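To keep things clear, I will list the structure first and then write my remarks on it.
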Amino acid sequence: MPDDSLPVRKGFDEAMAGKWAECDGGSSIAGTRYAGRQEFTGRLTGEYVDHGDPPWRWYLMVDLTVKPPNHDWNSVWCESGSLYLVDG
């Protein structure tokens with residue numbers, strides 16, 4: 001039986017820790033069964049997860065100041081290609 005799981009590697013990027021960023025990510029659309037592009041703004045912790053081959057990097061963003069109204073959490077994982085650093 002083949003192993004269908006993706007390789008995962010956790011890490012910490014000190015250069016990203018504490019930076020404010022915007023993230024264009026996906027989230028469910030309130031009142032529907034659909035998802036769409038949503039915007040998030042918050043502070044990066046520096047924590048990341050690489051998964052897949054080739055690796056696909058996701059950074060953890062917390063202290064969200066911008067998030068969709070139906071996003072109940074104060075954190076989100078952002079794909080590195082959809083992450084934009086901003087002045088704090």
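Quick notes
- Residues of segment 18-74 that are among the acidic types (Asp, Glu) and in contact with a His (Cβ under 9 Å, 6 or more places away or on another chain): none at all.
- Answer residue from segment 30-44, given it is in a strand (DSSP E or B) and farther than 14 Å from LEU85 by Cα and is modelled with the highest pLDDT among those: GLN38
- Considering residues of segment 9-29 that are at pLDDT 95 or above and not in a strand (DSSP E or B) only, the residue farthest from LEU83 (Cα to Cα): GLU14
- Segment 37-88: number of residues that are among the β-branched types (Val, Ile, Thr) and either loosely packed, with under 15 Cβ neighbours inside 10 Å or more than 22 Å from GLY11 (Cβ to Cβ) (or both): 5
- Residues of segment 45-66 satisfying the condition of being part of a loop (DSSP other than H, G, I, E, B) and either touching a Ser or Thr at 6+ places or on another chain (Cβ under 8 Å) or of a type in the set (Gly, Ala, Ser) (or both): GLY52
The values are calculated or read from the model by the stated rules, or taken from the named source; none is laboratory data. No experiment lies behind these values; they were computed from the predicted model shown. FYI the Cβ positions are ideal-geometry reconstructions off the backbone, even for glycines, and counts take in every protein chain you see.
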